[in-house]
Amino acid sequence: MKNGKTFYVTTPIYYVNAAPHVGSFYTTLAADILARYYRAKLGRENVYFQTGTDEHGQKIAEYAEKAGKEPKDFVDSVVPEFKKAWELGDIDYDFFFRTTDPRHAEKVSEIFQKIYDAGYIYKGTYEGLYCVGCEKFITESDMVNGRCPLHPDKDLIEQKEENYFFKLSEFAPKLIDAIERNQYIIAPEKRKNEILNRLQGGVEDVSISRESISWGIPIPWDPKHTFYVWVEALFDYWTGPKFLDKGQFWPPNVQLLGKDILWFHAVIWEALLLAAELPLPKLIFAHGFFTLNGQKISKSLGNTISPEEIVESYGSDGARYLLMSAFSFGNDGDLSRDSFNEKYTADLVHGLGNLLARSAKLAEGLDAPISSIDVLDYSEGVSADYEALAFDQALIKVWDLIRDTDKYLNEKEPWKIKDDPARKAKIMEPVLRNIAQIGYDIQPVLPKIAELILEKFVGSVVTPADKPYFEKLR
Ligand code: MSP
């Protein structure tokens, strides 16, 4: 074990009512980048990356019914679509978690029994408007024109039923204190402030069970009720490593999610962990939302793009690069085919691809080998950017080096040297060194091309690739 350090990163577990969305791909890709980054630093065995699917609750039960299937058959039929999409995008997770795994039910029941026994759960009646799309109660202040802002096309459902409640209100002061003392970090800073403001405004207790939903995990002390899908799902981050005997990874170093589900992850989750007397995650990072061509991504508006389509057009490395360099992780942004096409051609075909092709040709047969020992670590600035989740900044730094290397070649014009291989080799040496460093630095985001660079450029001889590094767009 190097440094005795470990790294545990999570993504939300995704609803299986539909095929994977580019939004879920984005979150999962960021987690994959961090996992790859830390695997190179700490060794594969010291990194644990968990993603998966959220399979219980009213929404999934309704979709299953619409599909004319039993819920379990329905979820079993959708899960492979996620696995396939992640494989296409080169997502190298350590464990694909499913909430229908019986080991999860067992651990969730144990931990909630503990919270119940500690006196933090009581029975009450809930009356309110429920959004099945979000799987949560919507308050007056959440509503826009009397509807859920995220699912304006879905009617809110009036619900009144007996529920078990968790004493979230009791934990609000403790959470404020924990956030202010950086016991756990909520990032970006603006999100942390939003959460603090809302906590300071006072919070109500939250319901953690459903009486009318049978597609869920029964409450151990009152099995007529099932767990509210959100609280059960949140515990996946803990039950996974627990039932896999990977408890040494607890607590997570980074939990990634979109800003829409930050309240669950930065408040309810930590309060439940405090109640269960478990250590808190270190960083909760909420990325922004993106639009497509300036408009909300929406199936009903026909404004969508799937992860598969992006990979099909630009390859997996290309798709990963384009998504991560489009805007900074943590901000909102816009995606479009035009900007993807433009950036793909400029940065990958002409930028990196061209530098690799011309350098390989120039260095072929020369005695200027770069040993892999010469490139042992990330460049300093790039490393800091990855660790700060500033993926776009890391890429900007690498592309600066690509441009500088190109400039150097243009200035030195090694192609003009015809009969002095030693001089040519001397000129090419820094080029090859830069390329090897580029290969190392892009490895978390562009793993395929990084591997190819290592194979073609690092070693005793440089060998040109037999096809372009990045195919031109047709
Ligand atoms: N099942 C819950 C999470 C439970 S975690 C204990 C859930 N699932 S989800 O399938 O809806 O998650 C979708 C993910 O995609 C979220 O991280 C969400 O923020 C992200 N995105 C969905 N649309 C998005 C955009 N338009 N832009 C960026 N990301 C967005 O929530």
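The values are calculated or read from the model by the stated rules, or taken from the named source; none is laboratory data. Just so you know, these numbers come straight off a predicted model, no measurement behind them. In this analysis, Cβ positions are derived from the backbone assuming ideal geometry, glycine residues included, and neighbour counts consider all displayed protein chains. For accessibility, only protein heavy atoms count, side chains too; no ligands or nucleic acids. Shrake-Rupley method; radii C 1.70, N 1.55, O 1.52, S 1.80 Å.
What number comes out for the charge environment of residue 351, summing +1 per Lys or Arg and -1 per Asp or Glu over other residues with Cβ under 9 Å away? Within the 9 Å Cβ shell, the charges total -1. Solvent-free Debye calculation, one equal scatterer per alpha-carbon of the chain: log10 I(q)/I(0) at 0.12 Å⁻¹ equals -1.07. Here is the list for the range 175-271: trypsin sites (Lys or Arg not before Pro) lying in DSSP coil, each with at most 13 other C-beta atoms within 10 angstrom of its C-beta, are 181, 224.
Since only 287, 353, 46 are under comparison, the one whose Cα sits farthest along the positive direction of the charge dipole of the chain, derived from C-beta charges on Lys, Arg, Asp and Glu, is 353. Compactness of the range 327-432, taken as the C-alpha radius of gyration over 2.2 N^0.38 Å, stands at 1.31. From most to least packed by mean Cβ count within 10 Å, the peptides 414-422, 304-312 give 304-312, 414-422.
Here's how it looks for residue 286: its modeled amide H is under 5 Å from those of 187, which are all 5 or more places away or on a different chain. Any idea how far the Cα center of the range 1-63 sits from the one of the range 411-452, in Å? The distance from the Cα centre of the range 1-63 to that of the range 411-452 comes to 34 Å.
Taking amide hydrogens as placed 1.01 Å from N in the peptide plane, the amide H of residue 48 sits under 5 Å from those of 7, 8, 9, each at least 5 positions away in sequence or on another chain. Over the chain, dividing the summed -39,500 (n - 2.57) contributions of all DSSP H runs of at least 4 residues by the number of residues returns a 222 nm mean residue ellipticity of -14000 deg cm²/dmol. Taking Lys and Arg as +1 and Asp and Glu as -1, the other residues whose beta-carbon sits under 15 Å from that of residue 145 total -2. With 29 Å as the limit, the listed pairs 397/448; 343/418; 259/299; 192/296; 424/467 have 343/418 beyond it between alpha carbons. Counting Lys and Arg as +1 and Asp and Glu as -1 over every other residue whose Cβ lies under 13 Å from the Cβ of residue 92, the net charge comes to +1. A simple packing score, the average count of other Cβ atoms within 10 Å per residue, orders the peptides 443-452, 330-339 as 443-452, 330-339, with the highest score first.
Were the residues from residue 396 through residue 299 laid out at 0.36 nm apart, the gain over their Cα-Cα distance would be 31.6 nm.
Since only 195, 166, 435 are under comparison, the one whose Cα sits farthest along the positive direction of the charge dipole of the chain, derived from C-beta charges on Lys, Arg, Asp and Glu, is 435. Here the translational diffusion coefficient of the range 387-474 follows from Stokes-Einstein with Rh set to the Kirkwood radius across Cα pairs; for 10 °C and 1.306 mPa s it amounts to 109 µm²/s.
The aspartates and glutamates within cross-link reach of residue 72, meaning a Cα-to-Cα straight distance under 13 Å and a gap of 8 or more places when in the same chain, are 54, 55, 62, 101. Sorted largest first by accessible area at a 1.4 angstrom probe radius, with every protein chain in place, the residues 463, 27, 100 fall in the order 463, 100, 27. Report the trypsin sites (Lys or Arg not before Pro) located in the range 294-333 that are in a DSSP loop and have at most 16 other Cβ atoms inside 10 Å of their Cβ, or state none. For trypsin sites (Lys or Arg not before Pro) across the range 294-333 that sit outside H, G, I, E and B with at most 16 neighbouring Cβ atoms in 10 Å, the list reads 296, 299. Measuring nothing but how far apart in sequence close Cα pairs (under 8 Å, 6+ apart) lie, relative to its length, the chain scores a relative contact order of 15 percent. Between residue 422 and residue 261, the contour length at 0.36 nm per residue exceeds the alpha carbon distance by 52.0 nm.
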